[in-house]
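Following: one structure in structure tokens, then a few remarks.
The values are calculated or read from the model by the stated rules, or taken from the named source; none is laboratory data. The model shown is predicted, which means the values in this text are computed figures rather than measured ones. Don't worry about glycine lacking a Cβ; one is built from the backbone with ideal geometry, like all the others, and counts go over all protein chains shown. Accessible surface is based on the protein model in full, side chains and every heavy atom, while ligands, DNA and RNA are left aside. Shrake-Rupley method; radii C 1.70, N 1.55, O 1.52, S 1.80 Å.
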Amino acid sequence: MELTLNFDKIQSDNVSKYVKTILDKKNPYKNFKIENYKYAQLHRDIRSETLLRDIDISELLKISKNISPLSSNPVDLASNLNQWKYKNDDSFFRVSSLLKRDTSSINLDFIDYKNLFLDISQINNNIHFLKSSKNETNLIIMNNKSKDEYPKSIFFDISNNTNLNVIHFNISNYKSFLYFESNLQDNSHLNFVSFQSDNIHTRNEFYASLNLECNFDLFGLNINNYGVNDNYSFIQHLKPSSSSREIFKSIVEKGAITNFQGKIYVDSIAQKTDGYQMSRSLLLDDISKANNKPELEIYADDVKCSHGSTVSKLDEDQIYYFKSRGIDSEMAKKILKKAFIAEIIDSIKDDNLCDYSNKIIESLLT
Amino acid sequence: MLEIKNLHVSIEEKKIIKGLNLSINKGEVHALMGPNGSGKSTLSYVLSGKDKYEIDDGTIEYNEKNLLDLDVDERANEGLFLAFQYPMEIPGVQTSFFLKTAINSKRKYLGQSEMDALEFAKLMKLKAEELNINTEMLKRDLNVNYSGGEKKKQEILQMSMLSPKMAILDETDSGLDIDALRIVSEGVNKLRSNENSFLVITHYQRLLNYIKPDFVHIIADGRIVKSGDYSLALELEEKGYEEISKSA
Ligand SMILES: Nc1ncnc2c1ncn2[C@@H]1O[C@H](COP(=O)(O)OP(=O)(O)O)[C@@H](O)[C@H]1O
Ligand SMILES: [Mg+2]
């Protein structure tokens, strides 16, 4: 099977030199030494599709309003191609997805429901979400059974004094390569929870740009995957007094590889930034792997930034304690795994969504 | 109830228990006393079935079954309980949830239906109050940020809720102040009946003022060197381990 994706075709179109350079020199499908894509192994075929299970998340549809971007007008983001608003390297995913796909926009202010549901695997376009009203909105983005080798982008523009909660279910995908970009204006708040399970080969990029007194929480959960599951985050604090908190938890088994690579960038004027990054992995066997790579780039002096990562195994002595009380080891392990990931599920503030997410995750835990 | 014959145990090639014999009948309370390092905790772990201990020789019969054939959870569900000298901390697992799971595991093993939430809450409240445990504490993670005394009380709460046939208490008294010691002892005494047996491991005679044993055994270097009734504990208090072991 030919794995190198043919981006040359779109390259021949009328695009700038900048874009051409990225497509050519920064193409992780061809060149596997690019730092930001170091562990993603995009140039490889990982494992067979037949491993995937069929997970039922239909209940989610019942507790939320189904939305579609197709009724909205497509927006022209092609002009954004040359505009990279983040420090350091442009994302290959962003550039290639903007070239390859049209972009549809959804203005969340026009939808008068609290819980919104969108299945992005059914949509070929990139999606651009806008939110400027004070409504409380929980946006559930599902990506399920995707086989798409081409990156797709999801943009969030969050206006001043606005809150948005996003729950991302990335489940049972053979291949899925997503770029999330969140632009938070002053005093806005984004809570983003990404559940990833039963996937073969995935990469999620989380780019976020924070202005004055913003708050960005990013929680990731990675369980029961089979191949390479790669998460990359880049959070830039551009103005004073914003905070970001990232917590990723992974349970890795069956020879899977889970990666977390995250960067916090603090601009020289972004005093009083509070950045926190934590990645914890539980390895259940000796053939699985977890890679963690935190990076801090700080140019202001009055900031609080910390990061950490742990890789551990289930504690045999804890399992013994359960068993000594009559609880069999299978049950003990399940309880300990649930304890390990509870923090991520509990970060969902809406009770119904939290309960339902909990049920889904429980069914995905083995 | 429990019959240990000529038990030899080693860990990592090191011999710890060296020919231990002990027989405990239904309804009896036995105290096992001995200096640090004499093998008391090792014996308790072997009885509960913790792995990594090598049984080099001997037999252990429990309720007409070969105890060594049973896995740790089976032993527990067959009514064997060990209150640990150093209870484990389990972050992320609520104490009350742990208790409920333990009780229902046992009921399932015995072919009984699960205890419903209300029934469980009642039982937990009752038992916690008996032990002067604040039920608020049971909402916290199991043993996490519990004081030494709270951990020991927690073990006794588990014991009283699971009402075992054979309970082994490994230095439950250490780390308890005099009030807690009395409360814990009452909890144990409440469970005493002619159906249940106890093996109370302790370093000091103090606990035995509250839990009066039928028999006292002194262990030194992996074997029982002297057995007697309660007066042996008093004699030990007076003379110390060294002299008693010598005279044995
Ligand atoms: N895991 C272990 N590995 C090696 N030696 C051990 C281990 N556990 C206990 N021991 C040794 O076994 C002996 C008995 O220990 P233990 O049963 O804890 O004594 P006690 O409870 O009577 O104080 C001690 O010499 C101790 O050092
Ligand atoms: Mg001991």
Handout entry: Förster radius 30 Å - calculated FRET efficiency between B:Ser10 and A:Asp56, Cβ distance, rounded to 0.05
Key = 0.05
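Would the stretch A:77-189 count as rounded, prolate or oblate if I go by the C-alpha gyration tensor, calling it rounded below 1.5 in a/c and otherwise prolate when a/b exceeds b/c, oblate otherwise? Walk me through the numbers on the way to the answer.
Working: a/c = 1.95, a/b = 1.19, b/c = 1.64.
It is oblate, given that a/c is not under 1.5 and a/b is not larger than b/c.
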Completion exercise
Toy charge model, Lys and Arg Cβ at +1, Asp and Glu Cβ at -1: the stretch A:26-314 dipole around Cα centroid in debye, rounded to 20, equals 520
Practice task
First check a/c for the stretch B:115-206, with a ≥ b ≥ c the square roots of the eigenvalues of its C-alpha gyration tensor; if it is under 1.5, answer rounded, and if not, answer prolate when a/b is larger than b/c or oblate otherwise.
Solution key: oblate
Problem - Listed residues A:His43, A:His168, A:His128, most fluctuating in chain A (Gaussian network, C-alpha, under 10 Å) - result: A:His43
Practice task
At 1.4 Å probe size, with every protein chain present, just tell me what the per residue accessible area of the stretch B:55-202 comes to in Å².
Solution key: 44
Fill in the blank from the handout: Over the stretch A:26-314, with neighbouring protein chains present, the accessible area per residue in Å² at probe 1.4 Å is 37
Handout entry: Spin-label model distance (nm) - B:Gln112 vs A:Ile34, 7 Å beyond Cα toward Cβ
Key = 6.3
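DSSP loop trypsin sites (Lys or Arg not before Pro) in the stretch A:105-137 with at most 12 other Cβ atoms within 10 Å of their Cβ, which ones?
Those that pass, being in a loop and sparsely packed, are A:Lys134.
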Practice task
Quick one: grab the alpha carbon gyration tensor of chain A, order the square roots of its eigenvalues as a ≥ b ≥ c, and give me rounded if a/c is under 1.5, else prolate or oblate depending on whether a/b is larger than b/c.
Solution key: rounded
Problem - Karplus 3J(HN,Hα) series, Hz, for the stretch A:31-36 with 6.51 cos²θ - 1.76 cosθ + 1.60 (x for Gly, Pro) - result: 10, 9, 9, 5, 3, 5
Handout entry: Peptide A:326-336, shielding by other chains (average Cβ, 10 Å cutoff)
Key = 6
Exercise for the section: Note every residue of the stretch B:64-89 with a reduction of at least 50 square angstrom in accessible area, all protein chains present versus the isolated chain, computed with a 1.4 Å probe, or write none. Expected result: B:Val72, B:Asp73, B:Phe84, B:Met88
Handout entry: Computed Kirkwood radius, in angstrom, where 1/r is averaged over Cα pairs of the stretch B:1-158
Key = 17.5
Completion exercise
Share of accessible surface on carbon and sulfur in the protein assembly as shown, whole %, 1.4 Å probe and ligands ignored, is 46
Handout entry: For the stretch A:140-155, Karplus couplings with θ = phi - 60° (6.51, -1.76, 1.60), whole Hz, Gly/Pro x
Key = 9, 10, 10, 10, 9, 6, 7, 10, 6, 7, 8, x, 10, 10, 10, 10
Problem - Reduction of at least 40 Å² in accessible surface, 1.4 Å probe, comparing all protein chains with the chain by itself, residues of the stretch B:101-136 - result: B:Thr101
Practice task
Report the one residue of A:Ser188, A:Cys305, B:Tyr210 whose Cα lies farthest in the direction of the positive end of the charge dipole of the protein assembly as shown (charges on C-beta: Lys and Arg +1, Asp and Glu -1; origin at the Cα centre).
Solution key: A:Ser188
Fill in the blank from the handout: Between chains B and A, total accessible area buried, probe 1.4 Å, no ligands or nucleic acids, nearest 100 Å², roughly 1900
Handout entry: For the stretch A:310-324, residues shielded by at least 10 square angstrom of accessible area compared with the chain on its own, probe 1.4 Å
Key = A:Glu316, A:Asp317, A:Gln318, A:Tyr320, A:Tyr321, A:Phe322, A:Lys323, A:Ser324
Handout entry: Shielding by partners - mean other protein chain Cβ count within 10 Å, residues of B:39-50
Key = 1
Problem - Ordering of B:211-217, A:53-59, B:157-163 by packing [mean C-beta count within 10 Å, highest first] - result: B:157-163, B:211-217, A:53-59
Handout entry: Per-selection Kirkwood Rh - the protein assembly as shown (Cα, Å, 1 d.p.)
Key = 27.8
Handout entry: Kirkwood Rh and Cα Rg combined as Rg/Rh, the stretch A:222-311
Key = 1.09
Completion exercise
Mean per-residue count of partner chain Cβ within 10 Å for A:92-100 equals 0
Practice task
Order these peptides, A:214-226, B:226-238, A:90-102, by their mean beta-carbon neighbour count within 10 angstrom, highest first.
Solution key: A:214-226, A:90-102, B:226-238
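Hey, got the dipole for the protein assembly as shown? About the Cα centre, +1 on K and R Cβ, -1 on D and E Cβ, debye to the nearest 20?
About 1000 debye.
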Fill in the blank from the handout: For A:Ile167, other-chain or 5+-apart residues with amide H closer than 5 Å (H placed, Pro excluded) are A:Leu139, A:Ile140, A:Ile141, A:Val193
